[in-house]
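This report refers to the structure that appears directly beneath it.
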Amino acid sequence: MKKDIGIGLLGLGTVGSGVAEVLVTKADSLAEQAGLPLILRKVAERDVNKRRSARLGPDVLTSNPEEVLSHPEIDIVIELIGGEHPAKEYIERAIANGKHAVTANKEVIAKYGYELFSLAGEHNTDLRYEASVGSGIPLISSFQQELAANKISVIHAILNGTTNYILTRMAQEGLDFASTLKQAQELGYAEADPANDIEGRDTAYKLVILSNLAFRTKFVPQDVYCEGISNIAAQDFLYAGEFGYAIKLLAIAKRDDDEVEMRVHPVFIPRDSQLAKVDGVYNAIEVETDLAGKLVFYGEGAGSLRAASAIVADVLAIARNIYHGVNNVPEIRLNQRVTVKPMSEVKTRYYLRLDAPDRPGVLAQISKVLGDNAISISSVIQRESNLAAQTAVIVIMTYPAEEQGIQKALKQLKQLPVVSEVSNFIRVEG
Ligand code: NDP
Ligand code: HSE
């Protein structure tokens, strides 16, 4: 007869500290819900002498992960060190040692999820990852269970707290990129390597995880077209505003028959749309379904306790199963027909910002390049940028066109003698 459920934790950073705090401060209520006390037995951290907020007993902290992975009285291992390696190997070792695993690691789940689920299946253990997308927003369980009877056709989502925080503060307060990124890091939103947030990779991992559940497939991160926000300049917010748009980093998945397009990039979205009003660290996930209609999930997408909420819920679900002696390893039946639509065939509208000399005939040459590539212009703004040098900024909004056409046109525009610079180009959604 078990007298408690042993927990082991790998990583005591932003999220690990939150999880340790919740396991300690909510111990009574968690024990009541699980049927047995949840005991945090061992915590592995690279530097055990680092100052940290979580108060742990003297024997709990170790610098040796093996003390967690093979501890005979640990039933559930929580991986919160982040990154690809050795996180993946630690999860594998935990499972191979017969332990259940919980992780918030979107990179590992997006890249190796199926391999790990299958390993967990072989060892009759559970692997849960609710916090990996949207932190405390209940997405994984909703996609796995509550939406299971639906055919999901579209996902439009803001999935990264760091970039949404940066874009919001740049747009609303005119702050610069570097200082807002620093604030996002101080608030504990950013990844250990913030390039994963900025370049859109963190969002792409999350889109893979959601798409795999939504379309019952085995997508990998390379299936997602991915661009980050580092090219967005103050001027782009200005012109977006003039045209009635906000700029957001969106994750988009659209299913057409059995072909799915998946992309992550900055977009212009209408200022009065729901997603345009999602600010700061908030995430929002719009899902279009055949039965439940259009759903919107909304909440803070990063932060210590936001993630801890989902992680401890995963722990609790496993603990309840242990108490009742049942296993809950969800079987995923794949839809083998689904394929990825090449980005070159995706059709959207575009915003282009060019620098050019301010003289007659320039606009005509630019329009010709676009026209030759089957791109129609819907509106143009031309602003003098330097009176003495007689240069202008030309901003163009197009009608829907194929990505391969716009890419060809961009190459040709860059070579056009009358174009000094193609300063930015951003897709328009909605
Ligand atoms: P942190 O960088 O704050 O914490 C990771 C901790 O693990 C650090 O203390 C780090 O030590 C330690 N660590 C790293 N590698 C090892 C190792 N090999 N052995 C032992 N300890 C190690 O990251 P977060 O807490 O922010 O993120 C953890 C995970 O949660 C990531 O997968 C992240 O994507 C995910 N996540 C994060 C959210 C957030 O809001 N921050 C929200 C949802 C998910 P050191 O500092 O010395 O490197
Ligand atoms: N770095 C991530 C974000 C953490 O900013 O959204 C939450 O997954």
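Annotations
- Restricting attention to the range 142-166, the residues that are within 14 Å of ligand 1 (Cβ to nearest atom) and touching a helix residue (DSSP H, G or I) at 6+ places or on another chain (Cβ under 6 Å) total 5.
- Qualifying residues in the range 72-86 (those that are touching a residue at least 60 places away in the same chain (Cβ under 8 Å) and within 16 Å of ligand 2 (Cβ to nearest atom)) - the one farthest from Lys42 (Cα to Cα): Gly83
- Within the range 337-355, the set of residues being buried (at least 17 other Cβ atoms within 10 Å of the Cβ), modelled with pLDDT of 95 or more and farther than 16 Å from Val428 by Cα comprises Val340, Lys341, Leu354.
- Some residue of the range 284-295 being at pLDDT 95 or above, touching an Asp or Glu at 6+ places or on another chain (Cβ under 9 Å) and either under 28 Å from Gln183 (Cα atoms) or acidic (Asp, Glu) (or both): no
- Which numbered condition Tyr165 misses (of (1) closer than 21 Å to Met262 by Cβ; (2) of a type in the set (Ser, Thr, Tyr); (3) near ligand 2 (Cβ under 10 Å from one of its atoms)): (1)
- Scanning the range 268-303 for residues that are polar (S, T, N, Q) and either touching a Pro at 6+ places or on another chain (Cβ under 9 Å) or more than 16 Å from ligand 1 (Cβ to nearest atom) (or both) gives Ser273, Gln274, Thr289.
- Contact map, the range 275-295: residues that are assigned by TED's automatic domain parsing to the domain that holds Glu146 and under 20 Å from Gly188 (Cβ atoms) paired with residues that are β-branched (Val, Ile, Thr) and in a strand (DSSP E or B), Cβ distance under 6 Å, separation 6+ or inter-chain. Pairs shown: Val278/Ile158; Asn283/Ile158.
- In the range 273-301, the residues that are under 16 Å from Leu167 (Cα atoms), part of a strand (DSSP E or B) and either out of contact with any helix residue (DSSP H, G or I) (no Cβ under 8 Å at 6 or more places or on another chain) or not acidic (Asp, Glu) (or both): Tyr282, Asn283, Ala284
- Filtering Ile152, Ile158 for residues that are crowded, with 21+ Cβ neighbours inside 10 Å and within 13 Å of ligand 2 (Cβ to nearest atom) leaves a single hit, Ile158.
- Test: residue in the range 86-99 that is modelled with pLDDT of 95 or more, closer than 24 Å to Val326 by Cβ and under 14 Å from the mean Cα position of the chain (by Cα): no
- Test for Arg306: is it among the basic types (Lys, Arg) and either free of Cβ contacts under 8 Å to residues at least 12 places away in the same chain or more than 16 Å from ligand 1 (Cβ to nearest atom) (or both): no
- Qualifying residue in the range 14-26 (condition: within 31 Å of the chain's Cα centre (by Cα) and over 27 Å from Gly83 (Cα atoms)): yes
- Residue match in the range 118-125 (condition: touching a residue at least 60 places away in the same chain (Cβ under 8 Å), within 14 Å of ligand 1 (Cβ to nearest atom) and touching a strand residue (DSSP E or B) at 6+ places or on another chain (Cβ under 9 Å)): no
- Helices (runs of 4 or more DSSP H) fully within the range 105-223 counting 3 or more residues that are assigned by TED's automatic domain parsing to the domain that holds Gly244: 161-173, 177-186, 195-198, 201-215
- Scanning the range 281-312 for residues that are away from ligand 2 (no atom under 15 Å from the Cβ) and either surrounded by fewer than 19 Cβ atoms within 10 Å (Cβ to Cβ) or more than 12 Å from Val102 (Cα to Cα) (or both) gives Glu286, Val287, Glu288, Thr289, Asp290, Leu291, Ala292, Gly293, Lys294, Leu295, Val296.
The values are calculated or read from the model by the stated rules, or taken from the named source; none is laboratory data. In this text the structure is predicted, and so the values were computed from the model without any measurement. Every residue, glycine among them, receives a Cβ derived from its backbone with ideal geometry; neighbour counts consider all protein chains shown.
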